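The values are calculated or read from the model by the stated rules, or taken from the named source; none is laboratory data. Since the model is a prediction, treat every value here as computed from it, not as a measurement. Every residue, glycine as well, gets a Cβ built from its backbone with ideal geometry; the counts of neighbours run over all protein chains shown.
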Amino acid sequence: MSERATGPAIETSGLIKIFGKNRALDGLDLTVPAGTVYGVLGPNGAGKTTAVRILATLLRPDGGEARVFGHDVLRDPDAVRGRVSLTGQFASVDEDMTGMENLILIARLLGYRKPAARDRTGQLLEAFGLTDAADRQVKNYSGGMRRRLDIAASILSTPELLFLDEPTTGLDPRSRNQVWDIIRIVVAQGTTVLLTTQYLDEADRLAGRIAVIDHGKVIAEGTPGQLKASVGAGSVHVRLRDASQRPGAERVLSKALDAPVQLEADPVALTARVAGEGIEHAAAERAARALSELAAAGITVDDFSLGQPSLDEVFLALTGAPTRNDGLAPIDNPATSEETAA
Amino acid sequence: MSATTTETSTTYVPAAETLSAVMAPGTRPRRPSALSASITFGWRAMLKIKHVPEQLFDVTAFPIIMTLMFTYLFGGALAGSTTEYLQYLLPGIMVTSIVMITMYTGVAVNTDIEKGVFDRFRSLSIWRPAPMVGYILGDMFRYTVASLVILVVGLVLGFRPDGGAAGVLAGVGLLIVFSFAFSWVWTMFGLLLRSEKSVMGVSMLVLFPLTFLSNVFVDPETMPGWLQVFVEVNPITHLVSAVRSLMGGATDTGEVTLVLISSAVLVVVFGTLTMRLYNRK
């Protein structure tokens, strides 16, 4: 492990992958520094999983280059395989086998001899809180337990680079927090983590840098702070005491924030995007002003919050188009339309 | 079948000390040998049989039914008596049953691909064919079970081979060697086809003509000339002749050699195709 931390963990240039008529990757350029959590953010079908599969040597690219710790994924796949571990979108464990059997299997395949494989498996089951479930078939595990076993299998032999492909999709909040804690501990041990996610919030909490990808290309890259600044501060969410005051509140908010206001399904709720000038506290100030203007207009506010921009808002700001997820209808915002050309 | 436990996941809090301790970079073990990796995958196949014992149904009930059905269906008509016919039929029905259950190798490969665990295997630094060899090693156990089941049924019904225990053992051994080789056809289809159903469909399409258009049930001399040509080149015919000769105590070295050669060819051709697909998947 002495050669670690020299040069980037991942470098791709012009990576292309075509499935039929679909260009899943259309010239992807990524540089992931070693020893960090790097977030790859994008909607379904953006190319996140395709990129991970190419980097883990599971898929051959149709063009471009990809290197992991300097080793080309096509020319030297075995050197790459020896350094990476993969936790895919679908749990990479055998449902019919028990938790312990799964770990022993992977330990043996990594080259541990039988007694060492057993020891290692015992330690990991303990560390991941799965000792009680060790002898149960994985198909009887909860989603969170399955995910933990999956990550345990990935760090059986401490990898230099760990791919986590949407590790929290489908998990309940508590299990998601556990996974986040685990990721933080893993990266603190020096492992580089490539995390793909659909949630800006998740990338923001864990990643040192984030690449936003869409249609197989990187459309923005930077620290979470830079990314959010380029997007705006997010949305103001307001809940009124009295539904009859909503038309008045809508007028006050849209004037104070100079932005269209969306009426939520809940008759007392309103949402407005704060078109920040790129500087966060300016947006916060405007939100605060809006709050005092609501009070001045005699409107009773039960709850007021300034939320982070959602992935939809990030995409709206970066591409002028909403994500292709069938999520929220985009809020029509003329301020960002000039960026459409990008 | 216990209920999913949620209490374990709700009480679990990842502890930095314990997790860091298990991640402490020890020396990475050396990559396992080709043999060790293959045997590990074979062990997995055995565990799966242990956890899902229903899958042994195919290798027990199916051969029993085949043996009973054909013995009593054709015995009287073809050989005058069922016991008489059994001496001719049993080696053939054993070959047919075992060759037919080789297709489950393809089904197992195909169902695994659908699951994430296959990706993990492919991303490990191990001898590339090891997962495939592992499937087949596990299946060889199934072939052995099926052979024994048929043998026992045969003995009960009156099968008395002249080759004795040694001859029968050699016959079963040769059959398993051939089945190991033939399974590579199914690993290829398992990787090639999109669904379990299509794997089954193609398997049937290949297996029915291959096993029935042979010398398993009747002497080829009664068949029309064009069919005899096919029967003569069909590797199953040679396998049946070889197994019959071994069990009958009059070893036909030529046929046995032919079977061993065709096994080697099957492994080289379909093993290569399988690995090409596996690497490009």
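Below is a table of values for the structure above.
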{"quantity": "Candidates B:V172, B:V168, B:V149, filtered to the one that is within 14 Å of B:S245 (Cβ to Cβ), touching a Pro at 6+ places or on another chain (Cβ under 6 Å) and of a type outside the set (S, T, N, Q)", "calculated": "B:V168"}
{"quantity": "All positions within segment B:183-241 that are within 19 Å of the chain's Cα centre (by Cα), more than 19 Å from B:M132 (Cβ to Cβ) and in a loop (DSSP other than H, G, I, E, B)", "calculated": "B:V216, B:N234"}
{"quantity": "Any hit, segment A:48-58, residues being hydroxyl-bearing (S, T, Y), in contact with a strand residue (DSSP E or B) (Cβ under 7 Å, 6 or more places away or on another chain) and within 17 Å of A:T192 (Cβ to Cβ)", "calculated": "no"}
{"quantity": "Those helices (runs of 4 or more DSSP H) lying entirely in segment A:128-226 with at least 2 residues closer than 26 Å to A:L15 by Cα, within 12 Å of the chain's Cα centre (by Cα) and among the acidic types (D, E)", "calculated": "A:200-206"}
{"quantity": "Test: residue in segment A:111-121 that is in a loop (DSSP other than H, G, I, E, B), surrounded by fewer than 22 Cβ atoms within 10 Å (Cβ to Cβ) and facing chain B (nearest Cβ under 8 Å)", "calculated": "yes"}
{"quantity": "Residue in segment B:42-55 that is farthest from the other protein chains (Cβ to nearest Cβ), counting only those that are surrounded by fewer than 16 Cβ atoms within 10 Å (Cβ to Cβ) and of a type in the set (A, V, I, L, M)", "calculated": "B:M46"}
{"quantity": "Count of residues meeting criterion [at the interface with chain B (Cβ under 7 Å from one of its Cβ atoms), in a helix (DSSP H, G or I) and either surrounded by fewer than 24 Cβ atoms within 10 Å (Cβ to Cβ) or touching a Cys at 6+ places or on another chain (Cβ under 6 Å) (or both)] in segment A:92-107", "calculated": "1"}
{"quantity": "Any hit, segment A:59-69, residues being of a type outside the set (G, A, S) and within 9 Å of chain B (Cβ to nearest Cβ)", "calculated": "yes"}
{"quantity": "Criterion (at the interface with another protein chain (Cβ under 9 Å from one of its Cβ atoms), within 16 Å of A:S85 (Cα to Cα) and buried (at least 18 other Cβ atoms within 10 Å of the Cβ)) met by exactly one of A:A127, A:A152", "calculated": "A:A152"}
{"quantity": "Spans of strands (runs of 3 or more DSSP E) in segment A:1-91 with at least 2 residues farther than 28 Å from A:A188 by Cβ", "calculated": "A:10-19, A:22-32, A:63-68"}
{"quantity": "Qualifying residue in segment A:237-244 (condition: more than 12 Å from the chain's Cα centre (by Cα), surrounded by fewer than 24 Cβ atoms within 10 Å (Cβ to Cβ) and on the phi > 0 side of the Ramachandran plot)", "calculated": "no"}
{"quantity": "Residue among B:I39, B:I64 that is within 14 Å of chain A (Cβ to nearest Cβ) and either assigned to a helix (DSSP H, G or I) or in contact with a Phe, Trp or Tyr (Cβ under 8 Å, 6 or more places away or on another chain) (or both)", "calculated": "B:I39"}
{"quantity": "Scan of segment B:117-162 for residues that are over 19 Å from the mean Cα position of the chain (by Cα) and away from chain A (no Cβ under 14 Å), ordered by number", "calculated": "B:V152, B:V153, B:G154, B:L155, B:V156, B:L157, B:G158, B:F159, B:R160, B:P161, B:D162"}
{"quantity": "One residue from B:P91, B:P14, B:P25, B:P32 being at pLDDT 90 or above and within 11 Å of chain A (Cβ to nearest Cβ)", "calculated": "B:P32"}
{"quantity": "Options B:T111, B:T71: the member that is under 30 Å from B:K197 (Cβ atoms), polar (S, T, N, Q) and either more than 14 Å from chain A (Cβ to nearest Cβ) or surrounded by fewer than 20 Cβ atoms within 10 Å (Cβ to Cβ) (or both)", "calculated": "B:T111"}
{"quantity": "Matching residues in segment A:81-91 - criterion: being more than 7 Å from every other protein chain (Cβ to nearest Cβ) and surrounded by fewer than 24 Cβ atoms within 10 Å (Cβ to Cβ)", "calculated": "A:R83, A:Q89"}
{"quantity": "Matching residues, segment A:161-173, being within 10 Å of another protein chain (Cβ to nearest Cβ) and in contact (Cβ under 8 Å) with a residue 40 or more places away in the chain", "calculated": "A:F163, A:D165"}
{"quantity": "Matching option when the condition is modelled with pLDDT of 90 or more and either facing chain B (nearest Cβ under 10 Å) or out of contact with any strand residue (DSSP E or B) (no Cβ under 8 Å at 6 or more places or on another chain) (or both), among A:I182, A:I210", "calculated": "A:I182"}
{"quantity": "Where B:I236 falls short, out of the listed (1) surrounded by 16 or more Cβ atoms within 10 Å (Cβ to Cβ); (2) modelled with pLDDT of 95 or more", "calculated": "(2)"}
{"quantity": "Pairs with Cβ under 7 Å, 6+ apart, first in segment B:152-165 and of a type in the set (A, V, I, L, M, F, W, C), second surrounded by fewer than 20 Cβ atoms within 10 Å (Cβ to Cβ)", "calculated": "B:V153/B:I64; B:F159/B:Q87"}
{"quantity": "Residues that are among the aromatic types (F, W, Y) and crowded, with 18+ Cβ neighbours inside 10 Å, drawn from segment B:134-182", "calculated": "B:Y135, B:Y143, B:F159, B:F178, B:F180, B:F182"}
